[in-house]
Each structure stands twice: as C-alpha cells, then as structure tokens.
Amino acid sequence: MAYRIPLSYNPIEVNSYTNVLKSYEGVHHNQIVNDFESAIANLTGIPHAVAVNSGTAAIHLALLSLGIGKGDVVLAPTFTYVATINPIIYVGAMPILIDSETETWNMDPGLLENAIKTLRQKGIDPKAIIVVHTYGMPSKMNELLAISEREGIPLIEDAAESLGALYDGKMTGTMGEVGIYSFNNNKAVTTYGGGVLITSNAEVAMKARHFASQAREDRSFYEHKDVGYNYLMSSLNAAMGLSQLPMLDLKNKARRQVFDKYAQQLKDKATFQLDDELRVSNRWLSTILFTESHVKNLIVNQLSDSNIETRPLWKPMHVQPLYQNVSRFLNGNSEDYFNRGLALPSGFSEKGHHEEVIHQVTLSI
Ligand SMILES: *Cc1c(COP(=O)(O)O)cnc(C)c1O
C-alpha cells in the first residue's frame with residue numbers, strides 16, 4: 001500500500017521509553033504514575049495533578065469534582081470535539097452551546113455574556129463554563145476569565161489539544177479552576193491513551209482522585225458512599241508520558257515550523273487562526289480556511305488522490321444529530337468553518353512532507 005502522509009502522528013520512541021522503564025527496575029510501579037503527576041505539576045506550575053486514562057475521563061472528573069450534576073446547566077463551545085460535551089451528559093447536566101469568534105475560532109465572549117444574561121432572566125443559573133483551545137490556539141482568556149469571575153461561574157479549561165500553548169505567558173490549562181490535557185495517540189505528546197486533570201484547589205484534586213478510584217473510602221476494608229469510576233492512569237502509560245514530556249518543546253517547534261510554511265505559501269488562498277501579542281498556539285494541527293467551500297472540496301479530493309490525509313474542521317455540536325435539541329447561541333461562524341476549513345498534516349516526524357502537501361495544495365487552487 002502506498003504511504004499515506006498522516007494528519008498527526010507520534011511514532012513510538014522505543015529507546016526513551018525503555019530507558020524510563022529500566023530506571024524503575026526494583027521500584028514499585030505506582031511510583032511511575034506519581035512521578036508522571038509530579039512532572040506535570042512541575043511543567044505547569046500547578047500543584048495538583050491527577051493522571052487518568054483519557055482526556056474525556058479528566059473532563060468527567062472535573063465536572064464531578066466541582067459538584068455539577070443532574071439538572072445543572074454547563075456552557076461550552078459548539079466548535080469542538082464531541083469529548084468536550086459528552087461528559088456534561090454523563091453527570092446528568094445539560095450543555096448550552098456557544099459559537100466562535102473569528103480570531104481564534106474559540107468561544108465568543110460576547111455570546112457567552114448574552115447566554116448567561118438570557119439564562120438568568122429565565123431563572124437558570126449556569127454551573128460551569130468549559131473553554132476549549134481548539135487545535136492548540138488559546139481562547140480569549142482575559143475576556144472569558146473576567147466573565148467567569150464577575151458571574152461567579154467556575155471555568156474549566158479543556159486544553160486537551162493545546163499543551164505548550166501560551167496565553168499572556170501562561171500555559172493553557174493553568175488559568176481556570178480546573179484544567180485538563182489529553183495524551184491520546186495523536187495529541188501534542190502522547191501516553192498512547194491518557195489524560196490529566198490539574199488544579200490549584202486541593203479539595204477538587206482530592207475529589208477527582210476519589211471518583212477516579214471507584215470512590216473507595218479511606219478505610220481498612222472496602223467502603224463506598226459514591227458511585228466511582230476506574231479512571232486512573234496505568235504505570236506503563238505513565239512511563240510513556242515520562243519519556244515523551246521532555247520532547248514537548250521540540251515537537252511543538254517542529255509543528256510550528258510546518259504551520260509557518262503553510263501560512264507563508266498559502267497566504268493569498270486561505271486564512272488561519274492567528275497568534276497575537278497575547279497568544280501563542282502550539283499549532284497542534286495546521287488548520288486553514290479556504291475562501292470558498294468548493295475550493296476546499298476540490299483540495300480534499302486532490303490531496304486524497306496523492307495519499308495525503310486531511311480532515312474537515314469540527315462539525316459543530318449544534319448540528320450533530322446527538323445534540324440537535326440542545327440550546328445554542330449562534331453567530332454562524334462555526335458552521336462556516338466546517339464548510340470552508342481543513343486540517344493539513346502537521347506531524348512532527350514527517351520531515352519534508354509539508355513541502356509535498358504545500359506543492360499539492362498550490363497545484364490544486
Ligand atoms: C482529544 C480531545 C479530548 C479527549 O481526549 P481523549 O484523551 O481522547 O479522551 C477532549 N477534548 C478535546 C478538545 C480533544 O481534542
């Protein structure tokens with residue numbers, strides 16, 4: 001079969017992984033998870049980290065630990081991956097979907113304000129705001145945090161895709177009440193399945209760990225008062241994480257170089273999520289908006305014929321059959337991005353492949 005240039009791919013780094021494993025010979029394997037949690041705390045400067053088996057589990061735990069449950073309302077972006085929204089349903093709460101602004105493609109602070117005002121007028125008090133830094137691009141955090149503070153609604157950062165991205169010098173994931181990262185296979189760095197919840201709130205961290213370990217009470221026998229989950233990270237995944245974290249900067253730099261080349265060469269044909277003086281994306285995926293949707297369709301087909309993987313941008317949650325009945329506050333942007341937008345290969349090991357992708361894209365327009 002012909003080689004296909006993948007969208008985002010982390011090759012298994014066998015040497016660094018086995019070196020980490022060897023360093024734990026004769027040590028209890030739980031220590032590996034503890035050390036991975038410490039490494040995340042060191043990297044982010046946030047004191048509490050709970051390592052779990054997926055980013056989705058981390059979002060679920062964030063909601064549980066903040067006490068969000070049946071009948072509660074949670075505000076979240078419509079332009080995201082489904083894993084941001086599903087945990088709201090897991091806890092019996094109701095998502096309310098908010099459309100994007102045009103600079104970062106993330107949650108529009110103006111629409112968020114409207115939503116809160118409208119809900120309050122109906123006597124509904126939203127219990128949390130989930131913010132996503134989509135494709136690695138930081139949201140407008142100054143505006144969003146100000147709303148969260150003023151309205152007294154805790155903010156959860158779904159930084160699943162944006163490890164290493166900066167906003168006003170701070171890492172995404174570290175600015176809200178709770179932050180989460182994903183270490184799924186295709187993310188910035190990987191444990192080949194995993195996630196982590198970070199928080200400065202010791203009580204939230206304790207609750208998250210409690211719910212992640214079958215809600216087992218601290219007794220000599222097995223005692224349970226709550227329904228818990230089997231969500232903790234395995235030692236082998238944590239070892240992989242320890243071997244990958246030191247490569248984060250290198251990988252993000254390589255992805256950024258790929259993006260910069262696309263941006264430079266396609267600047268007359270497409271637009272992009274833009275960094276500014278406050279925000280620096282980790283460029284997890286190189287995402288572009290073509291001037292018209294037919295151009296995008298043409299290019300998808302051409303690139304596919306050349307064995308280059310591309311992906312349309314998120315199909316917004318409010319147009320998913322799953323969430324067709326959920327309340328939403330819209331401005332048309334996310335649907336426009338779905339129609340005109342495309343993610344191009346950004347993977348770190350594909351040295352030189354972006355040249356081929358750019359060549360093909362340029363030929364196709
Ligand atoms: C990947 C992702 C998740 C979920 O992470 P998993 O580790 O795959 O469960 C959540 N939110 C966003 C925005 C993601 O991209």
The residue from ILE147, ILE153 that alone is under 18 Å from SER100 (Cβ atoms), touching a Pro at 6+ places or on another chain (Cβ under 9 Å) and aliphatic (A, V, I, L, M) is ILE147
What are the residues in segment 71-100 that are within 16 Å of the ligand (Cβ to nearest atom) and among the β-branched types (Val, Ile, Thr), if any? VAL74, THR78, THR80, VAL82, THR84, ILE85, ILE88, ILE89, VAL91, ILE98
Inside segment 276-289, can you point out the residues that are surrounded by fewer than 17 Cβ atoms within 10 Å (Cβ to Cβ) and touching an Asp or Glu at 6+ places or on another chain (Cβ under 6 Å)? LEU278
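Is it true that ILE59 is more than 12 Å from the ligand (Cβ to nearest atom) and at pLDDT 95 or above?
Numbers: more than 12 Å from the ligand (Cβ to nearest atom): no; at pLDDT 95 or above: yes.
Judged against the criteria, ILE59 is not a match.
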Scan segment 327-339 and give yes if some residue there is closer than 16 Å to TYR135 by Cα and at pLDDT below 95, otherwise no. no
If you take the residues of segment 148-163 that are surrounded by 19 or more Cβ atoms within 10 Å (Cβ to Cβ) and not in a loop (DSSP other than H, G, I, E, B), which of them is nearest to the ligand (Cβ to nearest atom)? ASP158
For residues that are in a strand (DSSP E or B) and surrounded by fewer than 21 Cβ atoms within 10 Å (Cβ to Cβ), scanning just segment 290-319, find the one that is modelled with the highest pLDDT. PRO312
Across (1) more than 14 Å from the ligand (Cβ to nearest atom); (2) surrounded by fewer than 18 Cβ atoms within 10 Å (Cβ to Cβ), ASN186 clears everything bar (1)
Among the residues listed as TYR181, TYR167, the single one being more than 24 Å from TYR90 (Cβ to Cβ), of a type in the set (Phe, Trp, Tyr) and open to solvent by less than 40 Å² (accessible area, probe 1.4 Å): TYR167
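Pick out the one residue from ASN331, ASN325, ASN339 that is open to solvent by 10 Å² or more (accessible area, probe 1.4 Å) and more than 22 Å from ALA83 (Cα to Cα). Full working, then the answer.
Numbers: ASN325 fails: more than 22 Å from ALA83 (Cα to Cα); ASN339 fails: more than 22 Å from ALA83 (Cα to Cα).
From the options ASN331, ASN325, ASN339, the qualifying one is ASN331.
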What pairs can you find where one residue is in segment 230-255 and within 29 Å of GLN214 (Cβ to Cβ) and of a type outside the set (Ser, Thr, Tyr), the other is in a helix (DSSP H, G or I) and open to solvent by 40 Å² or more (accessible area, probe 1.4 Å), and their Cβ atoms are less than 7 Å apart, with a gap of 6+ or different chains? ALA239/TYR17; ALA239/LEU21; MET240/TYR17; LEU242/ASP35; LEU245/LEU43
Taking the condition open to solvent by less than 40 Å² (accessible area, probe 1.4 Å), free of Cβ contacts under 8 Å to residues at least 60 places away in the same chain and more than 10 Å from the ligand (Cβ to nearest atom), does ILE68 pass? no
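From the set of residues in segment 189-201 that are part of a loop (DSSP other than H, G, I, E, B) and within 8 Å of the ligand (Cβ to nearest atom), which is nearest to GLY347 (Cα to Cα)? Before you say what the answer is, go through the steps one by one.
First, pick out the residues of segment 189-201 that are part of a loop (DSSP other than H, G, I, E, B): 189-194, 200-201.
Still in the running and within 8 Å of the ligand (Cβ to nearest atom): 193-194.
On the way: GLY193: 18, GLY194: 19 Å.
By that ranking, first place goes to GLY193.
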Residue identified as assigned to a helix (DSSP H, G or I) and at pLDDT 95 or above among LEU236, LEU250: LEU236
Any idea how many residues of segment 118-143 are within 18 Å of LEU330 (Cβ to Cβ), among the hydrophobic types (A, V, I, L, M, F, W, C) and part of a helix (DSSP H, G or I)? 1
Return yes when GLU103 is among the charged types (D, E, K, R), away from the ligand (no atom under 16 Å from the Cβ) and either closer than 24 Å to PHE338 by Cβ or modelled with pLDDT under 95 (or both) and no when it is not. yes
Scan segment 124-136 and give yes if some residue there is open to solvent by 10 Å² or more (accessible area, probe 1.4 Å) and out of contact with any Asp or Glu (no Cβ under 7 Å at 6 or more places or on another chain), otherwise no. yes
The correct count of residues that are β-branched (Val, Ile, Thr), within 12 Å of ALA239 (Cα to Cα) and open to solvent by 60 Å² or more (accessible area, probe 1.4 Å) in segment 1-51 is 1
Assuming MET94 fulfils every condition listed in (1) more than 20 Å from GLY152 (Cβ to Cβ); (2) open to solvent by 10 Å² or more (accessible area, probe 1.4 Å); (3) touching a strand residue (DSSP E or B) at 6+ places or on another chain (Cβ under 9 Å) apart from one, which condition is it? (1)
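The values are calculated or read from the model by the stated rules, or taken from the named source; none is laboratory data. As the structure is a computational prediction, the values presented were derived from the model and not from experiment. Virtual Cβ from ideal backbone geometry, glycine too; neighbours counted across all protein chains shown. Ligands, DNA and RNA are excluded from the accessible area calculation, which covers all protein heavy atoms including side chains. Shrake-Rupley method; radii C 1.70, N 1.55, O 1.52, S 1.80 Å.
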